[in-house]
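The values are calculated or read from the model by the stated rules, or taken from the named source; none is laboratory data. All of these numbers come straight from a predicted model, not from anything done at the bench. Because the Cβ atoms are built from the backbone with ideal geometry, glycine has one as well, and the counts that use them run over all protein chains shown. Accessible surface is based on the protein model in full, side chains and every heavy atom, while ligands, DNA and RNA are left aside. Shrake-Rupley method; radii C 1.70, N 1.55, O 1.52, S 1.80 Å.
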Amino acid sequence: MADKRQATYDLVGNFIKDKYSNFKTVYTPADIIRDMKKEYGVELSYQTAWRSKERGLELTRGHPADSYKLLPSYLHALKTTNPGSVAELETREDRFLYVFISLNASIKGWGFCKPIIVVDATQDAANKIFPLAFCVVDSENDASWEWFFNKLRETFGVREGMCIISDRHDSIKKAIENVFPEAHHGICTYYLFNNVKARYRRAKGEIREQFFGAAKAYTIEQFEKHMAELDKFDPKIREYLTEVGFKKWTTVHSTSNRYSTMTSNIAESLNATNIAARELPITTMLEFLRSLVQKWTHANRNCARSLKTDMTKVAEDILNESYIRSLNLTVSPANDNIYTVTKTKTPFSVNLDTQTCCCRRFQTHKIPCAHAVAVIRKYNKDPLFYCSKYYMKETYVNTYIHTVYPMTNKSTWNTPQEVKDIIVLPPESRTKSGRPKKKRIVAGHEKRSKNTCTVCKKKGYNKKTCKRSL
């Protein structure tokens, strides 16, 4: 009809609902306007297209409020199919506050990982992401972060030498101090570096090399050398980093071994993986995260079992590098099982009993450094004996030995009546005006990536907006 009154958002939503069967598909209101004009000759306003998209999503994925109602039954079914898992729900006056999930496979595998937690991820023996737990909250604040860390402690306890790495979020800092006072709280060096760049823009020259040199320095002498170079750019940089606390961001001053985990990049990698799933209703989103852990656990289990060496590739590469560097070193015995290793006039002391070297690489990586390898070679010892258990194939296999089981069909769930009677309403929230933000806001000092056109290879636009492709 000429006036297009029949093209309501409800009707259009039914036409386009199949476009959203894959949650990773990006189908925008602009795409809807284009396709409706091309296929049906119907012109839609942007508002109608937007409401059509919302209707299509609702028809495909269900109404968000219905997903909250299903949450108690889903959590019960999750614990039934994966015995030993933790699934906790917190409400206030029947309104959703928080949900915490940790699968049994993650709980059992944590003991074989390095005692490093990056909010919100950790690493296995091969430096791969090992998700420990997922938490969804109504809002990010002091109370929600403390609740999360309390559940984390109840589930995983505290390990010796445990280190938690995050950005400098005040709520995270307070929660760690209150819930994990025994653990060392380290901060992401990349996050701190961007703060330094933003604060001291007048500092002449490139400070990246000196900053990260100081962060990764193994000895006090190396650290002070890099800090002295930073002083040349701006003396106030040292004042700021001192205020932050050297033990928070450097290897040499850290009170706990960070195993060279200096950034929270693994958390960002996990966030990039689930960014599309965040638009799903809450129960569907949690199921996506569960299935993601299932896929990773299965793939990494096969990878661990197929390993042909006694150590993971990461550890093998470090040990091989140490072996090459040890070839031109000279070893001479000293007292109390301490050996002196020299290259030209520089002596290094190695103690195989305590697994230490004055270069501090041995005790930092928990893998023999070049000086230690020189001693090991001279006396025909086994270098694997001096490597941390966290790098061994056996540890790698044990990390993923437990299975993440798939969820059964909802029609087969045997849900007790008391669980069905639990009422969970959506959290109270006010929809903000404008388009919802999907990506984090990039700070002014961070480099923004530009699109590159695949047609003309120029930056600043893509194939769709390239004039050459028209």
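Return yes or no: is GLY111 open to solvent by 30 Å² or more (accessible area, probe 1.4 Å) and under 30 Å from VAL314 (Cβ atoms)?
Yes; evaluated as a whole, the condition is true for this residue.
How many residues are open to solvent by 70 Å² or more (accessible area, probe 1.4 Å) and closer than 18 Å to HIS365 by Cβ if we restrict to segment 221-231?
The total comes to 1.
Any residue in segment 351-367 that is at positive phi sitting within a Cβ distance under 6 Å of a residue that is in a loop (DSSP other than H, G, I, E, B)? List the pairs, counting only those 6 or more apart or interchain.
Within 6 Å, the pairs are ARG360/TYR218; ARG360/THR219; LYS366/SER388.
Go through segment 149-178 and give me each residue that's hydrophobic (A, V, I, L, M, F, W, C) and either under 18 Å from the mean Cα position of the chain (by Cα) or over 18 Å from THR255 (Cα atoms) (or both).
Passing the criteria: PHE149, LEU152, PHE156, MET162, CYS163, ILE164, ILE165, ILE172, ALA175, ILE176.
Taking into account only those residues within segment 46-83 that are open to solvent by 50 Å² or more (accessible area, probe 1.4 Å) and outside any helix (DSSP H, G or I), which is modelled with the lowest pLDDT?
Checked segment 46-83; the qualifying residue modelled with the lowest pLDDT is HIS63.
Scan segment 84-94 residue by residue and report those that are more than 17 Å from PHE156 (Cα to Cα), open to solvent by less than 80 Å² (accessible area, probe 1.4 Å) and in a strand (DSSP E or B).
Across segment 84-94, the qualifying residues are LEU89, GLU90, THR91.
Whether any residue in segment 360-380 is buried (at least 16 other Cβ atoms within 10 Å of the Cβ), at pLDDT below 90 and in contact with a strand residue (DSSP E or B) (Cβ under 6 Å, 6 or more places away or on another chain) is what I want to check.
Within segment 360-380, none of the residues are buried (at least 16 other Cβ atoms within 10 Å of the Cβ), at pLDDT below 90 and in contact with a strand residue (DSSP E or B) (Cβ under 6 Å, 6 or more places away or on another chain).
If I ask for residues that are under 13 Å from VAL293 (Cα atoms) and among the β-branched types (Val, Ile, Thr), which ones from segment 400-418 would you list?
Within segment 400-418, THR403, VAL404 qualify.
For VAL331, indicate whether it is open to solvent by less than 70 Å² (accessible area, probe 1.4 Å), over 26 Å from the mean Cα position of the chain (by Cα), more than 23 Å from TYR396 (Cβ to Cβ) and in contact (Cβ under 8 Å) with a residue 40 or more places away in the chain.
yes
Which of the residues spanning segment 95-106 are among the aliphatic types (A, V, I, L, M), crowded, with 19+ Cβ neighbours inside 10 Å and out of contact with any His (no Cβ under 8 Å at 6 or more places or on another chain)?
VAL99, ILE101, LEU103
Restricting to segment 9-49, count the residues that are in contact (Cβ under 8 Å) with a residue 60 or more places away in the chain and either in contact with a Lys or Arg (Cβ under 9 Å, 6 or more places away or on another chain) or of a type in the set (Gly, Ala, Ser) (or both).
1
Out of GLU287, GLU321, which single residue is over 27 Å from the mean Cα position of the chain (by Cα), assigned to a helix (DSSP H, G or I) and on the phi < 0 side of the Ramachandran plot?
GLU321
Kindly indicate whether any position in segment 220-242 is assigned to a loop (DSSP other than H, G, I, E, B), of a type in the set (Gly, Ala, Ser) and out of contact with any Ser or Thr (no Cβ under 6 Å at 6 or more places or on another chain).
Scanning segment 220-242, I find no residue that is assigned to a loop (DSSP other than H, G, I, E, B), of a type in the set (Gly, Ala, Ser) and out of contact with any Ser or Thr (no Cβ under 6 Å at 6 or more places or on another chain), so the answer is no.
Can you work out which of the residues in segment 140-172 that are open to solvent by 50 Å² or more (accessible area, probe 1.4 Å), out of contact with any Lys or Arg (no Cβ under 7 Å at 6 or more places or on another chain) and over 26 Å from PHE112 (Cα atoms) is modelled with the lowest pLDDT?
Only one residue tops the list, namely ARG168.
Among what's in segment 290-318 and is free of Cβ contacts under 8 Å to residues at least 60 places away in the same chain, open to solvent by less than 70 Å² (accessible area, probe 1.4 Å) and over 19 Å from the mean Cα position of the chain (by Cα), pick the residue that is nearest to TYR391 (Cα to Cα).
GLU316
State whether one or more residues within segment 199-209 are modelled with pLDDT of 90 or more and buried (at least 18 other Cβ atoms within 10 Å of the Cβ).
No, segment 199-209 contains no residue that is modelled with pLDDT of 90 or more and buried (at least 18 other Cβ atoms within 10 Å of the Cβ).
What about LYS53, is it over 28 Å from MET407 (Cα atoms), touching a helix residue (DSSP H, G or I) at 6+ places or on another chain (Cβ under 7 Å) and among the basic types (Lys, Arg)?
So LYS53 fits the description; yes.
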